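Structure first, commentary second.
The values are calculated or read from the model by the stated rules, or taken from the named source; none is laboratory data. Treat the numbers as computed from the prediction; the structure is a model and nothing was measured. No Cβ is skipped: glycine too gets one built from the backbone with ideal geometry, and neighbour counts run over all protein chains shown. What goes into the accessible areas is simple: the full protein's heavy atoms, side chains included, and nothing from ligands, DNA or RNA. Shrake-Rupley method; radii C 1.70, N 1.55, O 1.52, S 1.80 Å.
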Amino acid sequence: MASLDCPQCRHRRLDPIHYDAVEIDACVHCGGLWFDHNELDKVVRTYDPDYPRKGPIVETLGQRAGETHKQCPRCKASLVTHEFEQGRDLKIDLCHACQGIWLDNGELDHAKIFYEIPEAVEQIKRETTWGHWLFQFFLQLPVEFNIKARAFPIITVILLVLNGLLLLPVMSTQAPEYLWYPWGLIPDDIGSFHWFLTLVTHQFLHGGWGHLLANMYFLYILGDNVEDTMGRILFLLFYLLCGLVAGVTHVGYELTIGGATSIPAIGASGAISGLMGAYLYIFRKAKLTFMLIIFQFKLSPIWYFGIWLGTNVLFLIVGAPEVSWAAHIGGFLAGLVFSYFIYDSILKTNPLIRYLNQS
Ligand SMILES: [Zn+2]
Ligand SMILES: [Zn+2]
């Protein structure tokens, strides 16, 4: 067979490669892929449970979006840019003569997203079951309906394990306050070097199993998705930052209004409130179950965490002790503001969320 030239790099040759058992041609230099007539259909078919619901790809392309300087590697005709689907921002290059398709580096992954949308919608729209009802009735925790994380949430798991391990010394002593005083966050100590350390350490200490499990459940259901969209390093920094803002809010509140200035505050709930803010902002189409006595509803995160925030504000005003409502509110707002600033870059790297949030 004659060798094919890369439409993008011109004088570089395309090499035959196997992609999901379909032989296509790839440029190792620019990462672009050439699909002869119908080859792209064979590749994406694996990702589309309803194929060929829409018919062959060349017949379902969106509008013509301009000419290119790229040449068809088969018949040397100029490739023409088309929307992959009507109104979508993915643009691909088509040879009108032989119906071959050229995808630049990364465009295949983007194209596959279109076939994930129906499944993602399905995932979110699932009906609640008796199992969900029983779970929430006995544990008073919501069931989450959302897309699956693409990568294993390693940071979330490390945080879960670390919080769990740090409960062991608390459980093995008769007087856990000996651990809380040195490592919890004490408003009176503000400004000292040690106080700055406790802004981080207090986030990893819990008072008992109940306190830990409620926090860790929310970390588990929200953390994987948020970590997936932000990336690992940013997610870890974000988590610690929300906990830090929550701690500062707590200290500020107790020193000015609350008055509990010598009691150490502990717990991951400030950081996890930040996760709630981020989740609400990024995963607008997800659902969480909410239970009113025995009636279970599926609410969007905006409603779910809106009610949660309202409850926190209410308890702050009526002055229910034991829980730092101010820290929750501070952490939550930090998560919301942080997500607002990175939202555009998140949508750029997560086309599935972009399409879901648009719809
Ligand atoms: Zn190339
Ligand atoms: Zn051609």
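The table below lists the values:
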| read-out | value |
| --- | --- |
| Most positive-pole-ward Cα, 117, 62, 84, against dipole of segment 15-118 from beta carbon charges | 62 |
| Exposure of residue 263 as accessible area (Å², to 10), given a probe of 1.4 Å and all protein chains | 100 Å² |
| Segment 127-358, dipole about Cα centre (Lys/Arg Cβ +1, Asp/Glu Cβ -1), debye to the nearest 20 | 840 debye |
| Protein accessible area in segment 200-245, 1.4 Å probe - carbon and sulfur % | 78 percent |
| Most mobile listed residue (216, 171, 276) in the chain, GNM with C-alpha springs under 10 Å | 171 |
| Carbon and sulfur %, accessible surface of segment 80-172 computed with the full protein complex present, 1.4 Å | 62 percent |
| Per residue accessible area in Å² of the chain, where ligands, DNA and RNA are left out and the probe is 1.4 Å | 51 Å² |
| Helical segments meeting 27 Å axial Cα length and Kyte-Doolittle -1.0 threshold in the chain (DSSP H) | 107-125, 209-230, 232-253, 325-349 |
| GluC sites (Glu not before Pro) within segment 94-190: DSSP coil, no more than 14 neighbouring Cβ in 10 Å | 127 |
| Which listed pairs, of 42/348; 91/287; 112/348; 76/348; 125/148; 91/348, have C-alpha distances above 25 Å, in listed order | 42/348; 91/287; 76/348 |
| Accessible heavy-atom area order of 224, 41, 109, highest first, probe of 1.4 Å | 109, 224, 41 |
